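No value in this document is a laboratory result; all are computed from the given coordinates. Note that this is a predicted model, so its numbers are computed, not measured. Positions of Cβ are generated from backbone atoms using ideal geometry, with glycine treated the same way; all protein chains shown enter the neighbour counts.
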2 protein chains.
Amino acid sequence: MTLDSQTAPADDLLERFRAGQRTALARAISIVENTRPGFERVLHALHADMGRAHRIGVTGPPGAGKSTLTSKLALELRKRDERIGIVAVDPSSPFTGGALLGDRIRMTNISTDPGIFIRSMATRGHLGGLATTTKEVADLIDAYGYDRVVLETVGVGQSELEIARTADTSVVVLVPESGDSIQAMKAGLMEVADVFVINKADRPGADRLAQELEVMLHMRLGEMPRNAGHHGVSLKSVQKAAREGVQAKAEQTGDWAIPVLKTTAQSGEGIDELARTLDRHRVYLEDSGELSRRRQARLAERVRAVVERRLQRLAWEKGPGEEILSGSLRALEAGEVSPYAVADRIVKELGVQPR
Amino acid sequence: MTLDSQTAPADDLLERFRAGQRTALARAISIVENTRPGFERVLHALHADMGRAHRIGVTGPPGAGKSTLTSKLALELRKRDERIGIVAVDPSSPFTGGALLGDRIRMTNISTDPGIFIRSMATRGHLGGLATTTKEVADLIDAYGYDRVVLETVGVGQSELEIARTADTSVVVLVPESGDSIQAMKAGLMEVADVFVINKADRPGADRLAQELEVMLHMRLGEMPRNAGHHGVSLKSVQKAAREGVQAKAEQTGDWAIPVLKTTAQSGEGIDELARTLDRHRVYLEDSGELSRRRQARLAERVRAVVERRLQRLAWEKGPGEEILSGSLRALEAGEVSPYAVADRIVKELGVQPR
């Protein structure tokens, strides 16, 4: 259950990968996505080639138009001859996943451009969790030499936020109608967003949502004007103060002032500004030392995930876990033994040595 | 890291718990929610008292009105003198969590009724994951003697679906406006739903969504009429065939035909039918043997989660993990060592004995 005990990748795979053969990238991804024997050795071997791509997380509720936005962003970046990888995490089923990917491909004709690589991830059956596998696929695209890797996740659940959180730049996409439900999710989104995008901004409510977000961002910085929320102060004036306050604060401290952009991805409106904003954030990350901090956090998180994945394997695939568990099910249901006592037996059998 | 090595609960806690003292329940939940020393011993000791409550999962997108629906359902069940526990998992922040709980309490005056117990869970900082802790809190409410435990989760992420999946009965709540985004999430929802509720059904689009869901449910059973989807066949006729087909199939096989209910929780419309449907599902679960199957699956899943939580603790809290990791961060970032090689060292240090 260490690297040594794992199957080595086929001799020429790494060679062909480093030579830039697209089939080798696809093959490596397939090995990693399906956690085939030796998948960690592929990742291990390519680790030194990683870390050059700008990783962009795109997340938000279903129906926000993230796929269209990502496609249009990719086309925009292609104008500068950048090479873009897209990893799309679609919800639970291969069936739906396929359908969404189909939409994406029909929607734009980016899939034949060798400068764009698209991979749709099924969300089931990943040993050690989808989030880790998704990031490992992004690692491969990075190592292969793409300039940007976009990780697109649907929804606002914990694992989706986790994926967004480990990107260099996290873009949270909302739509004007999101206003209604923003209360429920704002804390989670606020925490991950480096950039807010209000997509479908040609619909009513876009300006209102932008104002609300700016006020929220401002409150978070603790710079709320004293009279905010009192009668006689319009939301507009609070928003203006908020925007000025955020900018002033950002200039003062060298912090990043989280922008709220409006786009209409379908028509391409605002996509160029989004691309420029991503560039600006990338520069900020490098200048401030934040890039290094985020990448170290990402690497530490990866080590933790890999250790846990190996321990899981030791317990369940190679170890005594399943045997003890299946022998205990009836007694568990009858209340004769507790899950904690069964877990005791399994951990003892594993022979872990506490220090 | 076994039960023996954990702190014993205070002598009289279990006694007071079993005597039905509400403060003991609150105290036990607090110990479990914060994974205080000895929390597993509390759960272990009370295991034999669990398994009597009907566990109902309520999930769906933000803004679907789940809290109102749950409150009204609790009031409905109180009419029969049942005792109801509610565990609400609110999104990421204590701040928002608090606000939502406040809404819930203001909205109804159920919080002073001793036959209703409400607990709101913060979603951060749970060793081994929120999902497991949430289910353990539900276990305590079950052991305490409540007749039903409602687990209410926001969102459609993986961990939310996991919580819903381990209930006896899973209710998925949508609103008429969900139609737009249903494509994106239907696979995940279809998989967990025992009952669909279209809440806020006084808004436009409720009938349309009900039809779509019924057609989907029908297709899933593989009973789609041959001419479905062809020109000249109305959605309405497909839906009628779908409903009849689903019912026929269900009667034939003794399966559960997933109902699509319409409610307006705010006014109480449809809540009585929901309560009756939950009763019907409970009877189905018992008669079909499905209840035992689901509970065994839940217990097996619990054993796995507890083993993994202990292994994590061994690696990170008590073990060599953090020390090795923090000493490797710079080399990791420079690409001199891979996360997989660092994980190797940690696993070797742990001294797990492969069989």
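Between B:Met219 and B:Asp11, the C-beta separation translates, for a Förster distance of 60 Å, into a calculated FRET efficiency of about 0.55. Amide H contacts under 5 Å for B:Phe117: B:Ile84, B:Gly85, B:Ile86, restricted to partners 5 or more places along the chain or on a different chain, H placed in the peptide plane at 1.01 Å from N.
Counts of other chain beta carbons within 10 angstrom of each beta carbon in peptide B:165-172 average 0.
Applying a threshold of 27 Å to the alpha-carbon distances of A:Lys200/B:Lys72; A:Lys200/B:Lys262; A:Lys66/B:Lys135; B:Lys79/B:Lys262; A:Lys79/A:Lys200; A:Lys348/B:Lys318 flags A:Lys200/B:Lys72; A:Lys200/B:Lys262; A:Lys66/B:Lys135 as lying beyond it. Close amide H partners of A:Val337, meaning residues 5 or more places away or on another chain with modelled amide H under 5 Å apart, are A:Leu332.
A label point on B:Gln266, set 7 Å along the Cα-to-Cβ line, lies at 2.8 nm from each of its counterparts in the other copies, closest listed first.
Averaged over the residues of A:311-321, the number of partner chain Cβ atoms lying within 10 Å of the residue Cβ comes to 4.
Take each residue of peptide A:329-337, count the partner chain Cβ atoms within 10 Å of its Cβ, and average: the result is 5. Label point of B:Gly115 (7 Å along Cα→beta-carbon): distances to the other copies' equivalent points are 6.9 nm, sorted ascending. Close amide H contacts of B:Leu174 (hydrogens built in the peptide plane, cut-off under 5 Å, sequence separation of 5 or more or a different chain): B:Val197, B:Ile198, B:Asn199.
Would you mind putting B:285-298, A:326-339, A:56-69 in packing order, based on average other-beta-carbon counts within 10 Å, highest first? Numbers along the way, then the final one.
Values: B:285-298: 15.1, A:326-339: 16.7, A:56-69: 24.7.
In descending order of packing, they fall as A:56-69, A:326-339, B:285-298.
Cβ-Cβ distance of B:Asp81 and A:Arg203, R₀ of 56 Å, FRET efficiency by 1/(1 + (r/R0)^6): the value works out to about 0.70.
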